[in-house]
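> Have a look at this one.
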Amino acid sequence: MGLSFSSYFKRRSYAVRPLSLEDCEALAAIHEEGFSRPWTSEEFEALLRQDTVFGYAAVEEGVPDGPLCGFVLARHVAGEGEILTIVVPRKLRRRRLGHTLMEAVLRHLHAERVESLFLEVDETNGPALVLYRRLGFQQVGFRPAYYANPGAAPTNALVMRWDRTG
Ligand SMILES: CC(C)(COP(=O)(O)OP(=O)(O)OC[C@H]1O[C@@H](n2cnc3c(N)ncnc32)[C@H](O)[C@@H]1OP(=O)(O)O)[C@@H](O)C(=O)NCCC(=O)NCCS
């Protein structure tokens, strides 16, 4: 039986939950959609085993064990946070999932009384730059020819920082 018109167009709701070691294969599969040098399941496992590393997955509301709808991985060291990676599957982009995942990291760091969050982003990555600027990140550094691009010229990285205000 087909979907009714109203349920077909019903907007899905999403929730976030902490990442666990069981997610590593799914993380590697999603990461491959976002980056030319994807991280392996083993690399994710090694990161998640570190005490300083944490992350969140987006899932459909009420389906915490369902397919991941994106994830963010971050690190908290010496009073500062750092985004290690964030990816949303291509077909689910532009639904505020990236924003929701970044907010989960900011809430986490707020609870830990962390004042600043850093990240590096390719200066040609328009969607990510819009996302970070809307959240209040500002450029604080520049790394020339930081990203190698197979078959193309290397691109520059911007270092961005978000600071708690108030
Ligand atoms: C960057 C990324 C995580 C954004 O995820 P997303 O779920 O599509 O982002 P959101 O829907 O939450 O959008 C957040 C903001 O960015 C803006 N934005 C997102 N994609 C955009 C695009 N393609 N063009 C213009 N603006 C865009 C949105 O307008 C939104 O702002 P608003 O809601 O206030 O209008 C996603 O594009 C991705 O996975 N890219 C590949 C991996 C990557 O580049 N990661 C970042 C590496 S530093």
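The values are calculated or read from the model by the stated rules, or taken from the named source; none is laboratory data. Nothing here was measured: the structure is a model prediction, and the numbers come from that model. Every residue, glycine among them, receives a Cβ derived from its backbone with ideal geometry; neighbour counts consider all protein chains shown. Only protein heavy atoms, including side chains, enter the accessible area calculation; ligands, DNA and RNA are left aside. Shrake-Rupley method; radii C 1.70, N 1.55, O 1.52, S 1.80 Å.
> Could you state how much accessible area VAL159 has, in square angstrom rounded to the nearest 10, with a 1.4 Å probe and all protein chains kept in place?
The value for VAL159 is about 20 Å².
> Compute the angle between helix 126-135 and the longest alpha-carbon principal axis of the chain, please, reported from 0 to 90 degrees and rounded to the nearest 10.
On a 0 to 90 degree scale, this one is about 80.
> Another one. Is the stretch 126-165 best put as rounded, prolate or oblate by its Cα gyration tensor, with a ≥ b ≥ c the root eigenvalues, rounded for a/c under 1.5, and otherwise prolate when a/b is larger than b/c, oblate when not?
oblate
> Return the carbon/sulfur percentage of the accessible area of the stretch 12-163, one whole number, probe 1.4 Å, all protein chains in place.
49
> Over the stretch 12-163, what relative contact order in percent results from Cα pairs under 8 Å that are six or more residues apart?
Once divided by the residue count of the stretch 12-163, the mean separation gives 18 percent.
> Further, regarding this structure: Taking only protein heavy atoms and a 1.4 Å probe, what accessible area per residue, in Å², does the stretch 12-163 have with all protein chains in place?
The answer is 57 Å² per residue.
> Right, something else. Spin-label point model (7 Å from Cα, Cβ direction): what's the ALA111 to ALA26 distance in nm?
Reported label-point gap for ALA111 and ALA26 is 2.0 nm.
> Using helices alone, what [θ] at 222 nm do you get for the chain, with -39,500 (n - 2.57) per DSSP H run of 4 or more residues, divided over all residues and rounded to the nearest 500?
-8000 deg cm²/dmol
> Measure of size requested: the Rg and Dmax of the chain, with Cα atoms as the atom set and Å as the unit; please supply both.
Rg then Dmax for the chain, in Å: 16.7, 56.
> Another question, if that's okay. Kindly identify the stretch 102-153 as rounded, prolate or oblate by the Cα gyration tensor criterion: order the square roots of the eigenvalues as a ≥ b ≥ c, call it rounded if a/c is under 1.5, otherwise compare a/b with b/c, prolate if a/b is larger, else oblate.
prolate
> Any idea what angle helix 97-111 forms with the longest principal axis of the chain, computed on alpha-carbon atoms, 0 to 90 degrees, nearest 10?
Taking Cα atoms only, the helix is inclined about 60 degrees.
> Same structure again: Where in the chain is the longest stretch that carries no GluC sites (Glu not before Pro) classed as loop by DSSP and with at most 12 other Cβ atoms within 10 Å?
It runs 1-60.
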